[in-house]
1. Take every Cα pair under 8 Å in chain A that's 6+ residues apart, average their separations, divide by the length, and report that relative contact order as a whole percent.
2. Using a Förster distance of 45 angstrom, determine the FRET efficiency expected from the C-beta separation of A:Glu57 and B:Gln81, and round it to 0.05.
3. Given contacts defined as C-alpha pairs under 8 Å and at least six residues apart, what's the relative contact order of the stretch B:4-112, whole-number percent?
4. Per the Debye formula with a single identical scatterer at each Cα and no solvent contribution, what log10 I(q)/I(0) holds for the stretch B:4-112 at q = 0.19 Å⁻¹?
5. Net charge near A:Phe64, counting Lys/Arg +1 and Asp/Glu -1 over other residues with Cβ under 13 Å of its Cβ?
6. Over all alpha-carbon pairs of the stretch B:47-89, lay out the pair-distance distribution in 10 Å bins, whole %, shortest bin first.
7. Calculate the dipole size of the stretch A:4-112 relative to its Cα centre from +1 charges on Lys and Arg beta carbons and -1 charges on Asp and Glu beta carbons; express the result in debye to the nearest 20.
8. Express the Stokes-Einstein translational diffusion coefficient of the protein assembly as shown in µm² s⁻¹, to the nearest whole number, given a Kirkwood radius over alpha-carbon pairs, 20 °C and a viscosity of 1.002 mPa s.
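The values are calculated or read from the model by the stated rules, or taken from the named source; none is laboratory data. Since we're looking at a predicted model, the values are computed, not measured. All Cβ positions, glycine included, derive from the backbone under ideal geometry; neighbour counts span all protein chains shown. What goes into the accessible areas is simple: the full protein's heavy atoms, side chains included, and nothing from ligands, DNA or RNA. Shrake-Rupley method; radii C 1.70, N 1.55, O 1.52, S 1.80 Å.
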Amino acid sequence: DAMVIQNPRYQVTQFGKPVTLSCSQTLNHNVMYWYQQKSSQAPKLLFHYYDKDFNNEADTPDNFQSRRPNTSFCFLDIRSPGLGDAAMYLCATSVEAGVSPLHFGNGTRLTVT
Amino acid sequence: DQQVKQNSPSLSVQEGRISILNCDYTNSMFDYFLWYKKYPAEGPTFLISISSIKDKNEDGRFTVFLNKSAKHLSLHIVPSQPGDSAVYFCAARETGTASKLTFGTGTRLQVTL
């Protein structure tokens, strides 16, 4: 089955210790997104790639970076995690930007100790 | 400022009855609206969408209604089934921001026997 896969499902990191979350897709979609969802809050878009073009949201902290080495993979790097970065991180893809629905992975829950 | 609001955090409905989930928005530039369904430990999955040029879209047991003048949309599920128990997110896209969806905080639907 074509899908969006996020690894790991649960990630624990220490305050200030860099961490990388991974996302892969077998859908061959052009667009990949990273959303952050904190408890009882709405998912919030951090950034997205349209093919290799990186699009950062204006309010995404500099602490968050992303890499997309090829169509299938996208990484979220948190350079110096703070306690406030503990959240569910959702990766999503879509065929094209615009009206095509997003396909989400199952998320990675990040804990910062 | 929450541009997409789901004011009911939870809703309980008996099996076989109608479930109505509501969503309000404040941004008049939103032109496309989607509903996503999320089970525990899974990512959101696309359910149904509606363009701002329509006021109704139906797909099986699911119907979305859009009232642009009131900036309000609703998702109707008829008849409700226990498998519909999940968190439902309303999302909206702003004209000209092809890839960005703004999500609400979600409504947890519980369908009881």
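1. Relative CO of chain A lands at 38 percent.
2. 0.75
3. 37 percent
4. Calculated log10 I(q)/I(0) at the listed q: -0.92.
5. Values: positive: A:Lys44, A:Arg67, A:Arg79; negative: A:Glu57, A:Asp59, A:Asp62, A:Asp77, A:Asp85.
For residues surrounding A:Phe64, the net value is -2.
6. P(r) over the stretch B:47-89, rounded to whole percents: 26, 53, 20, 1.
7. Roughly 380 debye, rounded to the nearest 20.
8. Translational D for this selection: 119 µm²/s.
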